[in-house]
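Presented below is the structure to which this report refers.
The values are calculated or read from the model by the stated rules, or taken from the named source; none is laboratory data. Predicted model only: the values in this text are computed from it and were never measured. Virtual Cβ from ideal backbone geometry, glycine too; neighbours counted across all protein chains shown. These area figures cover heavy atoms from the full protein model, side chains too; ligands, DNA and RNA do not enter into them. Shrake-Rupley method; radii C 1.70, N 1.55, O 1.52, S 1.80 Å.
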Amino acid sequence: MAKVTRDDVARLAGTSTAVVSYVINNGPRPVAPATRERVLAAIKELGYRPDRVAQAMASQRTDLIGLIVPDARQPFFAEMAHAVEQAAAERGKMVLVGNSDYLDEREVHYLRAFLGMRVSGLILISQGPSEHAATEIDAWDARVVLLHRRPDAIDDVAVVLDDVGGARRLTRHLLDHGHAYVACLGGVDSTPESGDPVTDHVTGWREAMHEAGLSTEGRLFKAPYNRYDAYRVALDLLAGPDRPPALVCATDDQAIGVLRAARELRIDVPGELAVAGFDDVKEAALTDPPLTTVGSDREAMARAAIDLAIGDQRSGNGTAGESGPGDRLRQFPVTLKIRGSCGCPDN
């Protein structure tokens, strides 16, 4: 059976091959509704399937978006990846996901692979300082959109949260409950790199404590970002003689591990220990008690990242940051999600 071509579709629909192309690609020129219906009917009748490989070779671009995340098993990154996939689908794009596993070499591997595929756009949730990734991006002369984290080494457009402000508000909220002080469970890295969300969460906690005239000395603890390792750290912390009255965790996954440790040690939350997280993953509302945390509009952030990656300026949410004009940095606001783990009724 001979392969159906675009010419065959055009003849059956009574139009030009250019118009068929406009219908298939949703542009760049508009097509009258009646003509579009004829073209779609001809495509269905003939069973025509566009040759996406040939289209990509001709245009030097594909309908693919590359997304690199540190670890898609973690709820926050899984939810963010899903939001990016949904936003890409709205723009007629598909998403390829690569996990860097917090390793420099894997991040660079996926950068090379995706850029070599001529993706329409590349979104990077960086795993760290990313000096090697910056070198790779420069070598390809590629436009990359940074999401969630803005490493100092990479000077590309970024879509981020007000992480410092969110952690500061969260810490103040716990202090308003009358706790003598609030401790912080940060990450394992002590690198004071700007643009790292966990570092910014610790910074926000420090600012709130200092504004309240309280010392942070000896009140910052370190744990991996996942709930399993955070649970083990929390067992030692909560069983010790210096158990804090309240604890702000840099991620919700850490906070979920803390809640599990507290239950195992028969520590009442929030009666004996107030706990709060950051990210507002869906599971945070289902913990026992439900977790107080900091939320954001992930769907809006994902749409902004996709539009920036493909050069579409439709997403106007977010505000310009201190490092440059709005097309270089879009910083989205955060909201407190007040639930039972801090001692408040759920809102």
5 Å is the cut-off here: which amide hydrogens, built 1.01 Å from N in the peptide plane, fall below it relative to F332, excluding neighbours closer than 5 in sequence? V160, L161, D162, T319
Rounded to the nearest 5, what is the percent of antiparallel bridges among the DSSP beta bridges in the chain? 15 percent
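Treat the stretch 101-226 as a sphere of radius equal to its Kirkwood radius over Cα pairs and apply Stokes-Einstein at 37 °C in a medium of 0.692 mPa s; give the translational diffusion coefficient in µm²/s, rounded to a whole number.
Here the translational diffusion coefficient equals 203 µm²/s.
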Ranked by how many other beta carbons lie within 10 Å on average, peptides 231-238, 209-216 from highest: 231-238, 209-216
Shape call for the stretch 180-242, from the Cα gyration tensor axes a ≥ b ≥ c (a/c under 1.5 means rounded, otherwise prolate when a/b beats b/c, else oblate), comes out oblate
Rounded to a whole number, what is D in µm²/s for the stretch 38-181 from Stokes-Einstein with the Kirkwood radius over alpha-carbon pairs (10 °C, 1.306 mPa s)? 91 µm²/s
Which whole-Hz ³J(HN,Hα) couplings does the stretch 29-41 yield from phi under the Karplus relation 6.51 cos²θ - 1.76 cosθ + 1.60, θ = phi - 60°, glycine and proline marked x? 10, x, 10, 4, x, 5, 5, 4, 4, 5, 5, 5, 5
Cα convex hull of the stretch 142-203, projected area averaged across orientations, nm²: 4.8 nm²
If you average 1/r across every pair of different Cα atoms in the chain and take the reciprocal, what Kirkwood value do you get, in Å? 22.2 Å
Spelling out what I want: for every residue of the stretch 76-83, take phi, set θ = phi - 60°, compute 6.51 cos²θ - 1.76 cosθ + 1.60 (Karplus), and round to whole Hz; glycine and proline get x. 4, 5, 5, 5, 5, 4, 5, 5
Using Cα pairs under 8 angstrom and six or more residues apart, how large is the relative contact order of the chain, in percent? 14 percent
Cα to Cα, under 25 Å, and not fewer than 8 places away if on the same chain: which lysines meet these conditions relative to K222? K282, K337
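Among rounded, prolate and oblate, which fits the stretch 91-144 when a ≥ b ≥ c are the square roots of the eigenvalues of its C-alpha gyration tensor, a/c under 1.5 means rounded, and a/b larger than b/c means prolate?
oblate
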Do the sum for the chain: with -39,500 (n - 2.57) for every DSSP H run of n ≥ 4, divided by all residues, what is the mean residue ellipticity at 222 nm, to the nearest 500 deg cm²/dmol? -13000 deg cm²/dmol
Could you state the accessible area per residue of the stretch 117-190 in Å², with a 1.4 Å probe and every protein chain left in place? 39 Å²
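Return a whole-number percent for the relative contact order of the stretch 63-144, with Cα pairs under 8 Å and 6 or more residues apart as the contact set.
Values: 122 pairs, mean separation 31.2, N = 82.
Reported as a whole number, the value is 38 percent.
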